[in-house]
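One structure is given below, encoded as structure tokens.
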Amino acid sequence: MPADLRRRGWSDQLIADTVGSVSLNLLTGSFNLVAGLEPAPAEQSTKEKHDHVG
């Protein structure tokens, strides 16, 4: 597969950077799942905040 990417113009550095980024993303997600971490709830949009102001 790396040979196919090289033929399409990808450098070894770009292939390594992409694999590294994807791997880091997967490991971070797995860690968060095991640790029980969840994203903070999204805040209300600015429009919703202004609509509800007394």
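The values are calculated or read from the model by the stated rules, or taken from the named source; none is laboratory data. Predicted, not measured: the structure shown is a model, and the values here were computed from it. Counting neighbours? That spans all protein chains shown, and the Cβs are built from the backbone with ideal geometry, glycine included. Quick note on the areas: whole protein, heavy atoms, side chains included, nothing else; ligands and nucleic acids left out. Shrake-Rupley method; radii C 1.70, N 1.55, O 1.52, S 1.80 Å.
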**Prompt:** Looking at Asp17, is it out of contact with any Ser or Thr (no Cβ under 7 Å at 6 or more places or on another chain), surrounded by 10 or more Cβ atoms within 10 Å (Cβ to Cβ) and charged (D, E, K, R)?
**Reply:** yes
**Fill in**
Of the residues in segment 27-54, those that are charged (D, E, K, R), at pLDDT 65 or above and either within 17 Å of the chain's Cα centre (by Cα) or surrounded by 10 or more Cβ atoms within 10 Å (Cβ to Cβ) (or both) number 1
**Fill in**
Of (1) at pLDDT below 95; (2) open to solvent by 100 Å² or more (accessible area, probe 1.4 Å); (3) within 14 Å of the chain's Cα centre (by Cα), Leu24 satisfies every one except (1)
